[in-house]
Amino acid sequence: MTTNFTIILCFILLPLLCFSQKQQDSLFVIWENTKLADTTRASAYREFIYKNYFESKTDSAYAMALRLMDFTESHQLKKHKADALILLGEIEHTFGDNTTASKHFGLSLKLYEELNDKRGQAKAINGLGVSYRKVFNLDEAKAYYERSLALSKEINDTILISQSLVNIGNIYNWRYKSDKALDYYQESLKLSKAIKNKRNEALALINISDSYIQKKDYKRAKKTIDKAIEIGDSMGNINTLAHAYRTLCSSYFKQKDYDKIIITANKLLDYGQKLSSNEMIDGAYFFLFEAYKGKREFDLTIKYQNLRQDTKTTIDDISAVRILEKIKIDNHRTKDSLIHINETLKTRITHQNEKANLFLAWGVSLAVLSIIAFLVYRNIKQKQYKAEQERQDEIDEKEKILKDLELSTIDAMIEGQEKERHRLAADLHDSVGATLAAAKLQFDYFVKHQNDVEDSEELTKKISTLLENAYVEIRAMAHLKNSGVIAKNGLLPAVEKLAKNASGINGLEFEVQSFGLEQRLDNSLEISIFRIIQELVTNIIKHAKATQGVIHITNHSDNLNIMVEDNGVGFNPKQLSKTKPGMGITSIDKRVESLDGKFTIESEISKGTTVIIDLPL
């Protein structure tokens, strides 16, 4: 009886299981059906890759995308070929292959323009914007994102609008303008919720959390990122979870909570490996390296530093840098005391009966007012002059300190170079020179007695040994020479000392934030960078009337980014040569140009100034 029931149950359940599997694989079934139209098959296969592989099995997705690409080319499907190029570019961004991704987005844009497909153009332009952002060309990236946003609004594509808003927000976030970035993120989040697009909703939440981290609002950042993780878990979306955990790592990193960094970074590493994303794996290694360094567990610190070097990738969008908080200054106007006195006297005089007393009172009032006005005016002028003189004395003193610091820093670098040259010369003379001299003597003897077979063999061994010793000594010296010095003895400490010495004028405080400066730069480059930063700091002291300044130095492996900000009075950059003749901008611009760098000034009246310098390494 039991056997018969089991057979009947199998007959009932088997069709249901087959139907369920067929529903899941229906897109793949369409792709395999050669009787259907080629366009239908290509669309189904692309959809199948996106739904089942794109955000979970990236290696497989790439192989399938290449197969789709071959199919569209062989069947001359121009529109579907452009779609396949978009898919390839997105996967290559995940792999970190930015060059190939840019090429594919460019080719897809050309095809979409030929087809007058504005939705496709918007997606391709957005992809090119991501490529520029990944190489830190933020101006170009923003221009592409804005083009994509305009096209998306023209065709009223809410999903693309939402993505473009997030990308533009990212540009402002990278430039430490978190309030402006939040405006774009919140608008994107609102649109994503309206169309119930969970993936874009999670993306907006992740970026909103990143802005809160910049504002040091870690409580709101955690609450926001938890919502994104909840959405990622519900969707089973590994890509969303990887980005969420990387942002959470950044939050713990800023708070120096090393135990939580380790737990979160291991989750990030797991998701990064599932995605085959070098960017995520490298990010996890970086956070583990910093956590174990903070905990002083040096074996694990070295382990993850070596793993980072093996991956040979850089972290693209660790947004773990602090934003400069803007200080609002309220200007309160006071009533003119002399006018107040005059009005009081006038009121009293109108109640006097005698005309003579009225004129007398007016005369006395005017005399008193004149004397008071003169005394007040002179007192104000004296105070202004004294305050200005004291301020100028402080500025002169600080400028002297900064110049002395520059000279002492450069002298120290030159002295270090001279000591290194003397030590190297001594080592060459005492060690390698002696060995080579002995080898020369043995060789001369060998030439004179080369006919003596026994001596010949013995001399050959001695000369070989001496030459081998000389080679080992030179190799050891070269290794020692190239072993490097920790960056704390170079540019970064000099800039930190500069900021410390420059702080203190009228409440002005400087802060230095650095990232990626574990290794020394070339000495001449360090000196040039120091001089540029020193000139910018001097400008803030002399012209900005600021209370806070921040110096950011970020090493992106092949690119050094320097950003100097203040919350001062600001100015109109278009009128720079007229309004700020003493700022030395021309000399800074020439220095940056000589280093093949890019120099940008962003400033508004009463909203401070930001100077951005990008230097190739």
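The values are calculated or read from the model by the stated rules, or taken from the named source; none is laboratory data. This is a predicted model, so every value here is computed, not measured. Here Cβ is always computed from backbone atoms with ideal geometry, including for glycine, and neighbour counts include all displayed protein chains. Quick note on the areas: whole protein, heavy atoms, side chains included, nothing else; ligands and nucleic acids left out. Shrake-Rupley method; radii C 1.70, N 1.55, O 1.52, S 1.80 Å.
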Only one of (1) within 23 Å of residue 208 (Cα to Cα); (2) touching a helix residue (DSSP H, G or I) at 6+ places or on another chain (Cβ under 7 Å); (3) touching a residue at least 40 places away in the same chain (Cβ under 8 Å); (4) not hydrophobic (A, V, I, L, M, F, W, C) does not apply to residue 279, and that is (2)
Flagged in region 114-154 as over 19 Å from the mean Cα position of the chain (by Cα), open to solvent by 10 Å² or more (accessible area, probe 1.4 Å) and in contact (Cβ under 8 Å) with a residue 40 or more places away in the chain, in numbering order, are 119, 126
Selection from region 246-273 of residues among the β-branched types (Val, Ile, Thr) and crowded, with 23+ Cβ neighbours inside 10 Å yields 247, 261, 264
Exercise for review: Report yes if some residue within region 575-594 is more than 30 Å from residue 279 (Cβ to Cβ), outside any helix (DSSP H, G or I), open to solvent by 20 Å² or more (accessible area, probe 1.4 Å) and at pLDDT 85 or above; otherwise report no.
Suggested key: no
Within region 52-78, the count of residues that are closer than 21 Å to residue 104 by Cβ and either outside any helix (DSSP H, G or I) or among the charged types (D, E, K, R) (or both) comes to 12
Counting only residues that are open to solvent by 30 Å² or more (accessible area, probe 1.4 Å) and either of a type in the set (D, E, K, R) or outside any strand (DSSP E or B) (or both), region 598-613 contains a total of 6
Filtering region 503-532 down to residues that are assigned to a helix (DSSP H, G or I) and either in contact with an Asp or Glu (Cβ under 9 Å, 6 or more places away or on another chain) or under 30 Å from residue 308 (Cα atoms) (or both) yields 505, 506, 523, 524, 525, 526, 527, 528, 529, 530, 531
Those residues of region 168-186 which are under 25 Å from residue 550 (Cα atoms) and polar (S, T, N, Q) amount to 170, 173, 178
Subset of region 159-171, residues open to solvent by less than 40 Å² (accessible area, probe 1.4 Å) and either not in a helix (DSSP H, G or I) or not small (Gly, Ala, Ser) (or both), comes to 160, 161, 165, 166, 167, 168, 170, 171
Within region 219-245, the residues that are modelled with pLDDT under 90 and open to solvent by 20 Å² or more (accessible area, probe 1.4 Å) are 235, 236, 238, 239, 243
Going through (1) part of a helix (DSSP H, G or I); (2) open to solvent by 50 Å² or more (accessible area, probe 1.4 Å) one by one, residue 216 fails only at (1)
Going through region 235-273 in order, the residues found to be more than 22 Å from residue 201 (Cβ to Cβ), among the charged types (D, E, K, R) and either part of a helix (DSSP H, G or I) or under 18 Å from the mean Cα position of the chain (by Cα) (or both) are 254, 259, 260, 270
**Study point:** Test: residue in region 182-203 that is of a type in the set (D, E, K, R) and buried (at least 20 other Cβ atoms within 10 Å of the Cβ)
**Key:** yes
task = For residue 506, state whether it is of a type outside the set (Phe, Trp, Tyr), modelled with pLDDT under 80, within 30 Å of residue 608 (Cα to Cα) and open to solvent by 50 Å² or more (accessible area, probe 1.4 Å).
result = yes
Note to self: With the structure loaded, tell me whether residue 91 is at pLDDT below 90 and not basic (Lys, Arg) or whether it fails that test.
What the structure shows: yes
### Message
Against the condition touching a helix residue (DSSP H, G or I) at 6+ places or on another chain (Cβ under 6 Å), within 21 Å of residue 137 (Cα to Cα) and open to solvent by 50 Å² or more (accessible area, probe 1.4 Å), how does residue 514 come out, does it pass?
### Response
yes
The residue that is surrounded by the most Cβ atoms within 10 Å (Cβ to Cβ), considering only those in region 93-102 that are touching a residue at least 24 places away in the same chain (Cβ under 8 Å) and either more than 12 Å from residue 277 (Cα to Cα) or not β-branched (Val, Ile, Thr) (or both), is 101
